[in-house]
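I have placed the structure first, in the form of structure tokens, so that the comments after it can refer back to it.
The values are calculated or read from the model by the stated rules, or taken from the named source; none is laboratory data. This one's a predicted model, so the numbers in the text were calculated from it and none came from an experiment. Methodologically, a virtual Cβ is constructed for each residue, glycine included, from the backbone with ideal geometry; neighbour enumeration extends over all protein chains shown.
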Amino acid sequence: MTQPSTDVLPQADQPRPSRCPTAYTIPFVLVVIMAAVTSIIPAGAYRRAPNCVLDKDVPVPRTYAPVVAAPLSDFAGVSCDLAVTAFQTAIGITNLVAPPYGVGVGGLAIARVPYNTWLRYVWSLLATLSLMSMALPSAAIMA
């Protein structure tokens, strides 16, 4: 009588491939859905009225109106393009420095580089980027 081989697992004991979406698939699908919805439904707000029964303000039906997209840039007297560029630049530099920024800290963890070592190495680059992100929009406003 021959012994069964222990090299090959029986069909029932073999691990099945995972059918769960990856960590990148779920946010990607959500971003695509939100982009589609925002192209259909414009940004806006309902007029609100007090409701004594609920003791809070509730939206009034059929009063949906679009909102101004960039009131801060209008108030400051600069173009909307410049306001968006300044905001994105500031957020990008903040994300490079902030420890909770997942991609940056995750990359440092994979490379086994301590955060303080990385910060000592790139502080001059971050200072240069910060100065440029303040100087270039300021020059654009003056031009």
*asked:* So for the stretch 121-136 (the condition being in a helix (DSSP H, G or I), in contact with a Phe, Trp or Tyr (Cβ under 8 Å, 6 or more places away or on another chain) and farther than 30 Å from GLY77 by Cβ), does at least one residue qualify?
replied: no
_Any chance ALA83 is outside the structural domain of GLY44 (by TED's automatic domain parsing), in a helix (DSSP H, G or I) and touching a residue at least 24 places away in the same chain (Cβ under 8 Å)_ = no
_The conditions are (1) in a helix (DSSP H, G or I); (2) farther than 30 Å from TYR46 by Cβ, and VAL113 fails exactly one of them. Which is it?_
(1)
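Tell me which residues, restricted to the stretch 36-60, are of a type outside the set (Lys, Arg), free of Cβ contacts under 8 Å to residues at least 12 places away in the same chain and exposed (fewer than 10 other Cβ atoms within 10 Å of the Cβ). Walk me through how you get there before you give the answer.
Narrowing the stretch 36-60 to residues of a type outside the set (Lys, Arg): 36-46, 49-55, 57-60.
So of that shortlist, the ones also free of Cβ contacts under 8 Å to residues at least 12 places away in the same chain come out as 36-41, 49-55, 57-58.
Matches in the stretch 36-60: VAL37, SER39, ILE40, ILE41, PRO50, CYS52, VAL53, LEU54, ASP55.
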